[in-house]
Structure formats: structure tokens, C-alpha cells
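Inspection log for the structure reproduced underneath, given as C-alpha cells.
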Amino acid sequence: MTAIIETEGLTRRYGDVHAVEDVTLRVEEGSVYGLLGRNGAGKTTLLQLLTGQEFATSGEARLFGERSLENPRVLGRTCLVKESQSYPDNVRGHHVLRAASWSYAHWDQDYAIRLADDLRVPLGRRVKKMSRGQRSAVGAIVGLASRAELTLFDEPYAGLDAVARQVFYDALLADLAEHPRTVVMSTHLIDEASPLLDRVVVIDEGRIVIDAEADALRGTAVTVVGRAQDVDAFVSGRDVLRRDRIGGISSATVADVDHAARAAATAAGLELAPVSLQELVVARTGGARGRKDPS
Amino acid sequence: MTAIAPVAPGRRILNGARVHAANPFTTLGLPWLILAAVFALTYAIWRIIAWAASSGGGLDDDAFRYAGGVSWIIFYMIAVAAQAMNQTFRFAVGLSQTRRDYFLGTAAYFGGMALIYGAGITVLAAVERATGGWGMGGAFFAPAFLYDAPLWVVMWSFVGLMLLMLFFGAVAGAIFLRWRATGLVTLLLALAAAIVGAVFLITWADAWGTVGELLGGTSVAALVAWTLPVTALLGGLAFLLLRRAAVRA
């Protein structure tokens, strides 16, 4: 497979703040990547570094095998949709679509109009006067209808309601089937987006802490529930992501559990429960890390 | 993956210009409206003066030839250019334009603006002359040293001065995109310091006479021609500043 995105030691510091720190990443052609992390973890900065909207302190980003900064050959094949995108005053929804159609060679205007209809975006309205959800939807339409070979979505549906989000997921899946391309999507709604994702990259305090196949990741962690002493015995020496205890019953979320370990846990009378991608990411990015037993 | 032909450079620069045209009111509409208002006020003042003077000793022939109202639209181009860049830069880069293509497109758009305004004001100056100075011997669109100048000099002067102001505005706009208000205040202070410094140097060298001769002895058209290299320098400076501008909310 070909690498669509390659970075080597990509770093962006603002004074003492390490927004993106030593990120070395490879994104393969044709997959959907989830870029997950907390607010301020560096998701937006990373996506802006990839497209040359922001400047690296050190390191380099390459798209389609070429340096991306100020490179019209690769930028014309790349679409970054940001939640924070600013629009000129008085520019209306259909102006945005028209301007986007100039930039992207594969732009599909009919598809954009259809999406605007499905997402109920008032294209005649000034973008500055739109609600947050409608503005997000304009971005989502640009990202989908651009059909750019590399499409980067930064929080594409902040402010969208549940129906609109489902429309977006369905549209993305259907369109990817017809027009395969590489998608990187940053999001907070991990479980909701999880079925779309082939691969997951988790960033925390500017560093990549997880870069793995989504399926493999979902299979690696497990929550065991049972009597406290049985749980204690099972988890000793393992990578415990989270522990809770109520009376004599204890539960622990443990990473890297293989088949043998599962069998051992069952034999020890523990109940096993799957861990969602969201729980895993929360645990990995400091949610309950280091929390002491509340006993 | 199918290799697609990259968008041709001319087309990309056109895209840089077109983001300004998405809403041309602030760059091509509003300045005309304000100029019309300034002209209406000037005309009203002429009428009041003429009416007041009719009971006194009358007016000199050139009483209404030094109205400065039209210079307003020239200086206003600084704000128009800076604002246009602040409005569209993040939008254009957000649509995958390079800073270079955006800047070249913007420069072309500013060039077009200077031509449109220059041509428009020249037409108004021609009407002004044909109507005997709006019936009052006034000179609003081609006042002072342009009063006797041929129309091509009027057009040349407005186009040249507009370009100078637009590209000064482009520098201000690029500075604002990078350093916000702090940058603009620094720019204005530096400009004021440069003017005071120049006044000091000329006074110190006792060269005001020479400066006066130089300005008086050079034709208007030649003076405007001398602004072109300055405009080009400002354009280059604006590009260097913009090339390192990040996209921030």
C-alpha cells in the first residue's frame, strides 16, 4: 500500500506549550482513520500541520510523497474541513460551494446540493448567520463533495443533531464505497464514529499514544468483574486501565488480554465484558489513570 | 488512484482573485457610495459659500478648485485592502489554495480595482469639465494640480496612487494576519517615526529648498511613476509577510 500521509518527528511548540510533539505517522491509501484525543490534545494543530496551514517547529509533513507546505500539487488533492473554519462576511452557503468547486478537480455540485437538502442547510443564508450546526454541515458538504483523494475532517459535526450526524455517516460510507479515498477524521464522539474507522490514532498532549487497527484495538482490552480477591489475583502484573470497587465486588479494565488470559479469567469465576473504543481511549488518555481504589 | 492533472497556475491565481469577488460590495461598492456622499457634502458647501459670497465681493475663479474630498477614496483603499485580506485569507487557504496563489490572485484583484476606480474617477472628471465644474467652476474629481492636467494624467495619477495605497494596505493586512493589533500599532508607530526622521534629516541638511524644487520641477505624471517601484516593494514585502502567516481562528 502507498502512504498518503507521512510525517517524521513533526513538532509544533507555542512557547512552552507542546501542541504537537515528535509525531511520526503513516497513513495508508484508502482507509478511514480516526484521530482521537481530548480537547487541546493537538488534533487540529496536527491536521493544520499536515496541510501547511500551520508551520512546524521541526519535522516535516509529506502528502502523496511530497512536502505539503505551499505545494499546489498536493493541496489540490487534499481537503481539510475544520470546525473553526472562518468565512468572509456576507458569504452565503452557495458561495462557499462555488468557491470550493474551483479548488477541487473532482467536485460534484449535484451531490453537494443533494447533501445540503439532506442536511437541511439553507444555502441562501449568510454563513455567519447560520447556526453552529448549519455551519458544520456546510463544512461536511464541502468535505464530501470535494471528493478529494485525501479528506481531513476536524470535528466535522460539532453542533449537528443526531439525525444530521447519521446522515453524514451514511453519506460518507456510501460515497467511499463508490469513490474510494483516504479519510482522516478527528472526533469526540468515538463510539458513534467507531464503525466507520479502519484505524485509530490517539493523540494526547501532542504525542501519539495509540496507532492501531480499530478491530485489533477493540479486541485487546476487557473488563473483568467478580469478587475483589479474584479480580486482584487476575490483574496482578497486567496493564490495568481502570478499577472500581463496590463492597466485595470489584471490576477492572485490563489491556492486552489474549485468548489464554480470557480463559483463565473465566476459569477464575470472573465475568468478562467488552470494552468500547471510547472507554479504551478515555482510559489511555488519562481519564481514570492512576486513580486509587476508592476503598 | 487515477492521476489527475494539476490545476493550471493561471487558474489557481484566478481562484485567489475570485474569493474577493464572492462578495464585491466592500471592495467595489461601498467606496463609491461614500465618495458620492463626500461629493454631495462638498457640493452643498460650495453652494453655501457661493450664496454667502454673492452678497459680498464675489468669488475668485479658482475658489472651488482645491477640494480634497477625492483624496479620501485613495486613502480609504488602505483599509479596503487590509480588510479584504483579513476577510478572505483563511477562507482561501481553507479551500486548499497556497498562500502564493492567493497572494498573486489578490494582487491581480487589487490591480483590477485600481483600474476600475481610476477609470471611473476619470470619467467623472471628464463630466466635471464638460459641465463647467458642475455649473460652479468647481473641481472635485480632478482638483488642484490635476485641474489643468490632460485626462490621461488624471487616470494615471489615480491608478498609480490607488495601487500604492492598496499594496500598503496589503502589508498592513499581512501584518494584522500575523500579529493582530499589536503588529498594526507597531507598523503605524514605525511609519510615524520614519516620517519624523525624514523631516529631521531634510531640516538638518537644510534641503527643503531642494525638495521643493524637485517636487515642483517634476511633472505629476513623473511623480506618480516614481511611486511604482515603491508599490512593487510593498507588494514584495506583503508577500514575504503573508508567506509565513498561519491560519488561526
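Annotation note: of A:Ser236, A:Ser194, the sole residue that is touching a helix residue (DSSP H, G or I) at 6+ places or on another chain (Cβ under 7 Å) and among the polar types (S, T, N, Q) is A:Ser194. Of B:Ala130, B:Ala114, all but one fail to be out of contact with any helix residue (DSSP H, G or I) (no Cβ under 6 Å at 6 or more places or on another chain) and either of a type in the set (Gly, Ala, Ser) or in contact (Cβ under 8 Å) with a residue 12 or more places away in the chain (or both); the exception is B:Ala130.
Give the stretch B:192-228 a look and list any residue that's of a type in the set (S, T, N, Q) and within 23 Å of the chain's Cα centre (by Cα), or say none. Hits for the stretch B:192-228 are B:Thr218, B:Ser219, B:Thr227.
The residues listed here are B:Ala149, B:Ala170; of these, the one that is closer than 15 Å to B:Ala17 by Cα and more than 14 Å from chain A (Cβ to nearest Cβ) is B:Ala170. Scanning the stretch A:54-80 for residues that are more than 11 Å from chain B (Cβ to nearest Cβ) and without any contact (Cβ under 8 Å) to a residue 40 or more places away in the chain yields a count of 2. Residue count for the stretch A:82-127 under the criterion of being more than 9 Å from chain B (Cβ to nearest Cβ) and over 28 Å from A:Gly42 (Cβ atoms): the result is 24. Within the stretch A:1-53, the set of residues being among the aromatic types (Phe, Trp, Tyr) and under 24 Å from A:Leu277 (Cβ atoms) comprises A:Tyr33 only. Within the stretch A:50-67, restricting attention to residues that are touching a helix residue (DSSP H, G or I) at 6+ places or on another chain (Cβ under 9 Å) and within 24 Å of A:Gly15 (Cα to Cα), the residue that is surrounded by the fewest Cβ atoms within 10 Å (Cβ to Cβ) is A:Phe55. With the structure loaded, tell me whether A:Ala216 is closer than 30 Å to A:Ala105 by Cβ and not in a strand (DSSP E or B) or whether it fails that test. No.
The single residue among A:Asp258, A:Asp239 that is of a type outside the set (Lys, Arg), within 14 Å of A:Ala283 (Cβ to Cβ) and surrounded by fewer than 16 Cβ atoms within 10 Å (Cβ to Cβ) turns out to be A:Asp239.
Among all residues of the stretch A:223-239, there is at least one that is at pLDDT 90 or above, of a type outside the set (A, V, I, L, M) and touching a Pro at 6+ places or on another chain (Cβ under 9 Å). Considering every residue within the stretch B:76-83, establish whether at least one is under 21 Å from B:Gly132 (Cβ atoms) and hydroxyl-bearing (Ser, Thr, Tyr). No, because not a single residue in the stretch B:76-83 is under 21 Å from B:Gly132 (Cβ atoms) and hydroxyl-bearing (Ser, Thr, Tyr).
With respect to A:Val225, determine if the residue is surrounded by fewer than 19 Cβ atoms within 10 Å (Cβ to Cβ), assigned to a strand (DSSP E or B) and in contact with an Asp or Glu (Cβ under 7 Å, 6 or more places away or on another chain). When the stated conditions are applied, A:Val225 passes them.
For the stretch B:40-52, the criterion of being touching a Ser or Thr at 6+ places or on another chain (Cβ under 7 Å) and either surrounded by 20 or more Cβ atoms within 10 Å (Cβ to Cβ) or small (Gly, Ala, Ser) (or both) is met by none of the residues.
Here A:Gly40, A:Gly34 are screened, and the one residue that is closer than 28 Å to A:Tyr157 by Cβ and at pLDDT below 90 is A:Gly40. Within the stretch A:112-157, being over 17 Å from A:Gly76 (Cα atoms), touching a residue at least 12 places away in the same chain (Cβ under 8 Å) and of a type in the set (D, E, K, R) holds for A:Asp118, A:Arg120, A:Arg125, A:Arg126, A:Lys128, A:Arg132, A:Arg135, A:Asp154, A:Glu155.
A:Val138 passes all but one of (1) in contact with a Leu (Cβ under 9 Å, 6 or more places away or on another chain); (2) within 19 Å of A:Tyr87 (Cα to Cα); (3) surrounded by fewer than 17 Cβ atoms within 10 Å (Cβ to Cβ); which number fails? All conditions are met except number (3).
Take A:Leu97 and tell me if it is among the hydrophobic types (A, V, I, L, M, F, W, C), in contact (Cβ under 8 Å) with a residue 12 or more places away in the chain and not in a helix (DSSP H, G or I). When the stated conditions are applied, A:Leu97 does not pass them.
Residues are listed down the side, and each one gets a yes or a no for (1) closer than 14 Å to B:Met155 by Cα; (2) at the interface with another protein chain (Cβ under 9 Å from one of its Cβ atoms); (3) not aromatic (Phe, Trp, Tyr):
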position	(1), (2), (3)
B:Ala82	no, no, yes
B:Gln87	no, yes, yes
B:Ala92	no, yes, yes
B:Leu95	no, yes, yes
B:Arg99	no, yes, yes
B:Tyr109	no, no, no
B:Ile116	yes, no, yes
B:Thr122	yes, no, yes
B:Ala126	yes, no, yes
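The values are calculated or read from the model by the stated rules, or taken from the named source; none is laboratory data. The model shown is predicted, which means the values in this text are computed figures rather than measured ones. Neighbour counts run over all protein chains shown; Cβ positions are idealised from the backbone, glycine included.
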